[in-house]
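No lab work stands behind these numbers, since they all come straight from the coordinates. Predicted model, so just to flag it, every value in this text is computed and none were measured. Because the Cβ atoms are built from the backbone with ideal geometry, glycine has one as well, and the counts that use them run over all protein chains shown.
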Amino acid sequence: MSDGRDLSHLPPLRDVIATHDLAAKKSFGQHFLLDLNLTRRIVREAGNFNGLSVVEVGPGPGGLTRALVESAAERVVAVERDPRFAAALGDVIAASAGRLTLVEADALTVDPVDLVPAPRAVVSNLPYNVGTPLLIGWLKRMTEYRFLALMFQKEVADRIVARPRTEAYGRLAVMSQWLADCRTIMDLPARAFTPPPKVDSAVVRLAPRQRPADDPDFATMEALVAAAFGQRRKMLRSSLKGLLREPEPLLLSVGIAPTARAEEIDVDGFVALAKAWRAAG
Ligand code: SAM
């Protein structure tokens with residue numbers, strides 16, 4: 001009996017789009033990957049799917065979806081907001097031997113942890129307008145995932161993996177690198193997509209970091225990092241004034257110069273500061 005991994009009989013994606021009249025909608029951030037060799041490469045680079053349940057946000061006509069169904073993944077649940085794609089994905093669902101299901105929903109309203117059992121991963125060519133809020137939501141429960149492999153605009157990908165003392169280093173880098181090992185696994189030029197967006201893209205892989213039991217909670221870190229980078233040109237002793245009663249002694253207590261600026265502080269520095277703030281009540 002078929003294990004649902006042989007999809008070689010399915011028509012090319014261009015034919016699927018033509019048959020179902022699936023003109024891309026800008027409002028839904030629709031830029032499609034139609035080259036199956038490329039989508040297979042993304043899945044290959046993303047990691048080991050053996051036994052994983054995968055949530056894919058925004059399958060669209062199904063290029064990345066097909067590569068996931070062909071992988072060693074146990075099952076794939078695709079969450080798509082645009083109902084037009086249900087018919088286009090019908091053939092893949094039928095060929096998948098029950099391993100692919102489609103959930104018609106706004107991904108901002110569903111938690112992948114509720115959709116599939118562990119061990120799980122999220123893989124997505126994310127719609128530009130909701131990529132960052134989705135990532136922040138998933139980071140909050142990062143230990144629930146083996147990994148996330150996510151395509152962003154290149155500029156957003158760069159902000160996730162940015163190192164201290166660089167222009168791109170900010171809230172997104174600190175929050176992402178605090179909770180996950182983050183690295184760019186692929187760069188894709190705009191012309192890889194149909195229709196091509198205005199900017200290039202990159203795939204970032206995030207795998208959970210083991211965190212100690214006394215780690216600060218998400219809200220504490222988020223508030224601290226937001227205040228610090230909210231006025232990134234200012235010294236921390238002034239940018240943190242709105243948040244902390246007396247920033248100077250707290251900064252000194254964890255070895256950070258009160259004259260330092262947010263972009264000079266590495267992730268461990270922010271964690272130490274958040275812990276000291278919490279301990280100080
Ligand atoms: N995965 C396909 C590919 O790589 O060719 C399509 C990627 S396209 C960049 C983004 C997809 O996300 C579109 O199919 C779009 O309809 C869908 N989408 C947009 N906003 C969404 C949301 N809030 N929840 C779920 N899907 C969404």
Enter the Cα centre distance for the pair region 215-281 and region 90-104, rounded to the nearest angstrom.
48
Which FRET efficiency value, to the nearest 0.05, do you get for Arg232 and Asp187 by plugging their Cβ-Cβ distance into 1/(1 + (r/R0)^6) with R0 = 35 Å?
0.85
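Based on the Cβ-Cβ distance of Ala86 and Lys26, what FRET efficiency does E = 1/(1 + (r/R0)^6) give at R0 = 35 Å, to the nearest 0.05? The partial results should precede the final answer.
Working: r = 20 Å, r/R0 = 0.59.
Between Ala86 and Lys26 the formula returns 0.95.
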Can you give the FRET efficiency for Asp106 and Thr259, using 1/(1 + (r/R0)^6), R0 = 45 Å, r = Cβ-Cβ distance, to the nearest 0.05?
0.50
Farthest towards the positive end of the dipole of the chain, among Leu89, Phe32, Gly137 and with Cβ unit charges of +1 on Lys and Arg and -1 on Asp and Glu, lies the Cα of Gly137
Helix-only [θ] at 222 nm, the chain, -39500 (n - 2.57) per DSSP H run of 4+, per residue, nearest 500, equals -10500 deg cm²/dmol
Does region 218-279 come out rounded, prolate or oblate by the C-alpha gyration tensor, with a ≥ b ≥ c the root eigenvalues, rounded set by a/c under 1.5 and, if not, prolate when a/b is larger than b/c and oblate if not?
rounded
Label model pair Arg141, Ala207: point-to-point distance (7 angstrom along the Cα→beta-carbon line) in nm is 2.2
For region 13-208, report the % of Cα-Cα distances exceeding 30 Å.
13
Considering Cα pairs under 8 angstrom that are at least six residues apart, work out the relative contact order of region 13-208 and quote it in whole percent.
20
For region 93-209, rounded, prolate or oblate, judged on the Cα gyration tensor with a ≥ b ≥ c (square roots of eigenvalues), a/c < 1.5 rounded, else prolate if a/b > b/c?
oblate
Starting with the highest mean, order 70-83, 30-43, 107-120 by the number of other Cβ atoms within 10 Å, averaged over the residues of each peptide.
70-83, 30-43, 107-120
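Pull out the extension gain between Glu246 and Ala97, defined as 0.36 nm times the separation in residues minus the alpha carbon to alpha carbon distance; nm, one decimal. Let's see the in-between values first.
Values: separation 149, 0.36 × 149 = 53.64 nm, distance 6.12 nm.
Contour length minus the Cα-Cα distance gives 47.5 nm.
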